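Enquirer: This is the structure I want to talk about, given as structure tokens.
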Amino acid sequence: MDLLRFLEHPSFLLFRRFSHANIDRSLNRRRKLLKQSHWWKNYSPESTSTVKWTTLSHHGVIFPPPYSPHKIPIIYEGNPIILKPHQEEAATLWASVIGTQWETKETFRKNFERSFLETLGKRHKIKSLDKCDFSQIVEYLEKEKENKKNRTAEEKRAEKEEKLALYKKKGYAVVDGVKEKILNFVVEPPGLFRGRGDHPKAGLIKRRIMPEDVTINIGEDSKIPKCPVRGHKWGNIVHNHTVTWLAYYKDPILPNSFKYVWLAATSKMKGLNDMLKYEKARKLKEFIDKARESYWSKIKSRILLDRQLGSALYLIDKLALRVGNEKSNEEADTVGCCSLRVEHIKFEEDNKITLDFLAKDCMRYYNTIQIDPEVYKNLQDFTKNKDLDDDLFDLIRSNTLNDYLKSLMEGLSSKVFRTFNASIRLQEQLAIFNEKNLQLEDKMQFFIKANKEVALLCNHQKTVPKNFDNQLERINSQITKKKSKIENLENHAKELRKKKRLAKSENVKKRITTNIKNTKKMIEKVKDDIEKLETRIEMKEDTKNIALETSKINYIDPRIVVSWCKKNKVPLDKVYSKSLKEKFKWAMNTEPDWVF
DNA sequence: CTAGGAACTTAGTAGTAGTAAA
DNA sequence: TTTACTACTACTAAGTTCCTAG
């Protein structure tokens, strides 16, 4: 039953044994809350219009604490040098990177050095990073870390409380009367830019953001938040109803982009968009036959441009590739479908191709796959008379492809194919499952395997944890222990049987028989444990470099997951963390027989 | 018609807090 | 009680998409 109706139902009221006044107050409160939070029950098309909010109030953004100098010198050619605070801050940022992978990265080092020397000024005696000895600062940082680790429980509690209080005070916005969490209400602190892969700007000092850098978006009737840094003021105040951001500031590294302050995933603004994303993917389900027919006719077209369009979409559909926009040379050299170059594709026997390129986040996409001969031939054609660094699809770009998609279905774009195929893939994999009597662990194992298929499709990877081998080793030693335990138990059983044979009284025999039975039971249990540990190892090994969460968060329609869990009596907590359950609260009431 | 701006989604990793094992 | 893992969350980088100005 609808929760609201239930709350109003006489049996509920009776059950609570509230006084009437209390009931009224409580109901009103709840009704208000329900009306506010159950947006998915009665969302209307206009909620997706260009007006994103009517009233909006919040507390602006807050800033990381100012730098407090430690006055520890760096040693330069044998001389200790105490730097000015802002210079010392830069030096300390570098010190915090020493011993990590970043320290030895060529670009990172070069860029930091340039940034650092600039901070010091031309006439400073420090001329080279290589000659700087940061070890005293490193030592200091280590001590600080140690101190932090050794805080008393009381201190930790106080800190936690303080954090919570800040969150309560500043961490939410009120949008059209609904209180919503903010995703990132603290601006990014200064740091060294950790661009991924071979990013040309990695290592640059990311400067401190000041209130003057920040534009606040807030309702006309709302109180303008007080600037939290004394002596400073907000850069700008706007009242833009057509956007969802609460504030933005210029990206301190990339001159043409911004950092935005948004509501959390639990908010209506984000949740509704998320739901609509999946609805769009479901709409593609209706159009997919038509779309595939269309790109197949293009693949066979005599017009080169069409052959490129058709073949590109074929790859996007079949391999769930990203569309691949062009990138400037201020960014790492990564590609997607439309930006593939000749060097990224190899033609093998039997209509197989190998794609080998760096994708988003410099994750390597490496896949050998058999494709249809028509596409194989097309792709081969596209590489003719080209250099290795020429575009494979030289006549099209992401927008060409997206324009074409618009002609197939309203609102269709390339990324919808990824969502569509990922969700479909999970649903298909889960549909294979029909053994209802499995243990929960086995069900979970099955789910993880299905999830893994999606992650593989989308090429979602993660680095293998540092001490992964140790972890396996530990489980293995547990198995060894349990195996020797079984041996002992078996010996014990053997002896019991011997005793039973020699026993005279019936009573003793009976007692020994129960003992034997119990021992056997124990053996079974330990064997079961071993089996569980073994599958745990297997699963761990199997997914050690695969990121399962990414697809769960971004690509898999949560309704597929919820319905499967309900149908198979798997508690949702097994699949979704607390925050994911909140993010997907709009999908929590999905019926067991729901289909994507 | 194209380049780049603006806004929003998707992505992996670092660090932390809570929990299990020793 | 300490140590070691594990499971999350916080963080922020890196994509896509759509739009507008020239």
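Nothing in this text is a laboratory measurement; each read-out follows from the coordinates by a stated rule. A quick note: this is a predicted structure, and the numbers were derived from the prediction, not measured. Every residue, glycine as well, gets a Cβ built from its backbone with ideal geometry; the counts of neighbours run over all protein chains shown.
Enquirer: Spelling out what I want: for every residue of the range A:241-255, take phi, set θ = phi - 60°, compute 6.51 cos²θ - 1.76 cosθ + 1.60 (Karplus), and round to whole Hz; glycine and proline get x.
Expert: 7, 8, 10, 9, 7, 9, 6, 8, 9, 4, 5, x, 10, 9, x
Enquirer: Using 0.36 nm times the number of residues separating A:Lys125 and A:Leu272, minus their current alpha carbon distance, what extension gain do you get?
Expert: Values: separation 147, 0.36 × 147 = 52.92 nm, distance 5.71 nm.
Gain on extension, A:Lys125 to A:Leu272, equals 47.2 nm.
Enquirer: May I pose another question? Testing the spin-label approximation: label points 7 Å from Cα along Cα→Cβ at A:Ala503 and A:Ile448. State their distance in nm.
Expert: Roughly 4.3 nm, to one decimal.
Enquirer: Which whole-number percent is the relative contact order of chain A (Cα, under 8 Å, 6+ apart)? Intermediate results must be reported in sequence, preceding the final value.
Expert: Values: 753 pairs, mean separation 65.3, N = 596.
Computed over chain A, the figure is 11 percent.
Enquirer: Sticking with this structure for a sec: Which residue, A:Ile288, A:His460, A:Tyr576, has the largest displacement toward the positive end of the dipole of chain A when charges sit on each Cβ (Lys, Arg +1; Asp, Glu -1)?
Expert: A:Tyr576
Enquirer: Take the Cα of A:Asp361, step 7 Å along the line toward its Cβ, and report every residue of the range A:181-221 whose backbone nitrogen sits under 15 Å from that point.
Expert: Flagged as within label range: A:194-198.
Enquirer: Here's a follow-up. Give, in whole angstrom and from largest to smallest, the semi-axes √(5λ) of the equivalent ellipsoid of the range A:427-587, with λ running over the eigenvalues of the Cα gyration tensor.
Expert: Numbers: eigenvalues 387, 83, 25 Å².
Over the Cα atoms of the range A:427-587, the ellipsoid semi-axes are 44, 20, 11 Å.
Enquirer: Pick out, in residue order, every one of the trypsin sites (Lys or Arg not before Pro) in the range A:543-574 that is DSSP loop and has at most 10 other C-beta atoms within 10 Å; say none if there are none.
Expert: Details: sites: A:Lys544, A:Lys552, A:Arg559, A:Lys566, A:Lys567, A:Lys569, A:Lys574; in loops: A:Lys544, A:Lys569.
Answer in residue order: A:Lys569.
Enquirer: Further question: What's the magnitude of the charge dipole for chain A around its Cα centre, counting Lys and Arg as +1 and Asp and Glu as -1 at the beta-carbon? Answer in Debye, nearest 20.
Expert: Details: 117 positive and 83 negative charges, 721 e Å.
About 3460 debye.
Enquirer: Just to be sure I understand the model, the point goes 7 Å from the Cα along the line to the Cβ. What's the resulting A:Asn385 to A:Asp573 distance in nm?
Expert: 6.7 nm
Enquirer: Please pull out the direction-averaged projected area of chain A, using the convex hull of its alpha-carbon atoms, in nm² to one decimal place. Show your work: numbers first, answer last.
Expert: On the way: hull surface 170.2 nm².
In nm², the orientation-averaged hull projection of chain A is 42.5.
Enquirer: Follow-up question, since we're still on this one. State, as an integer percentage, the relative contact order of the range A:427-587 based on alpha-carbon contacts under 8 Å between residues 6 or more apart.
Expert: Numbers: 88 pairs, mean separation 57.3, N = 161.
RCO, the range A:427-587: 36 percent.
Enquirer: Here's another thing I want to ask about it. May I ask you to compute the full-extension gain from A:Glu541 to A:Lys318, defined as 0.36 nm times their residue separation minus their alpha-carbon distance, rounded to one decimal in nm?
Expert: Values: separation 223, 0.36 × 223 = 80.28 nm, distance 2.70 nm.
Computed gain between A:Glu541 and A:Lys318 is 77.6 nm.
Enquirer: Take A:Leu472 and A:Lys527, extend 7 Å from each Cα along the Cα→Cβ direction, and tell me the distance between the two endpoints in nm.
Expert: About 2.7 nm separates the two model spin labels.
Enquirer: Let me ask another. Consider just the alpha-carbon atoms of the range A:257-335 and return their Rg together with their Dmax, both in angstrom.
Expert: When restricted to Cα atoms, the range A:257-335 yields Rg and Dmax of 17.5, 49 Å.
Enquirer: Read phi for every residue in the range A:437-444 and hand back ³J(HN,Hα) as whole Hz from Karplus 6.51 cos²θ - 1.76 cosθ + 1.60, θ = phi - 60°, with x for Gly and Pro.
Expert: Going residue by residue, I get 9, 5, 6, 3, 4, 5, 4, 5 Hz, with x marking Gly and Pro.
Enquirer: May I ask what percent, to the nearest 5, of DSSP beta bridges between residues of chain A are antiparallel? Could the numbers behind the result be given before it?
Expert: On the way: 34 of 38 bridges.
The antiparallel fraction comes to roughly 90 percent.
Enquirer: Hey, what number do you get for chain A at 222 nm if only DSSP H runs of n ≥ 4 count, each worth -39500 (n - 2.57), divided across all residues, to the nearest 500?
Expert: Computed mean residue ellipticity for chain A: -16000 deg cm²/dmol.
Enquirer: Could you give each residue of the range A:97-105 its phi-based ³J(HN,Hα) in whole Hz, using Karplus coefficients 6.51, -1.76, 1.60 with θ = phi - 60°, and x for Gly or Pro?
Expert: Values, residue by residue: 9, 5, x, 9, 4, 5, 4, 9, 6 Hz.
Enquirer: Going by amide H atoms built from the backbone, whose H comes under 5 Å of the H on A:His232, apart from near neighbours?
Expert: Long-range HN contacts for A:His232: none found.
Enquirer: For A:Leu192, what residues show an amide H to amide H distance below 5 Å, using hydrogens built from the backbone and excluding near sequence neighbours?
Expert: Those lying under 5 Å, H to H, from A:Leu192 are A:Lys206.
Enquirer: Within 10 Å, count the other beta carbons around each residue, average over each peptide in A:118-125, A:243-250, A:489-496, and list them highest first. Walk me through the intermediate numbers first.
Expert: Working: A:118-125: 12.1, A:243-250: 20.1, A:489-496: 15.0.
The most tightly packed comes first, giving A:243-250, A:489-496, A:118-125.
Enquirer: What's the extension gain from A:Ala153 to A:Ser68 if we count 0.36 nm per residue and subtract their Cα-Cα distance? Show your work: numbers first, answer last.
Expert: Working: separation 85, 0.36 × 85 = 30.60 nm, distance 2.52 nm.
Going from the current span to full extension adds 28.1 nm.
Enquirer: Moving on. Out of all Cα-Cα pairs in the range A:270-416, roughly what percent, to the nearest whole number, are more than 21 Å apart?
Expert: Across the range A:270-416, Cα pairs with separations above 21 Å total 44 percent.
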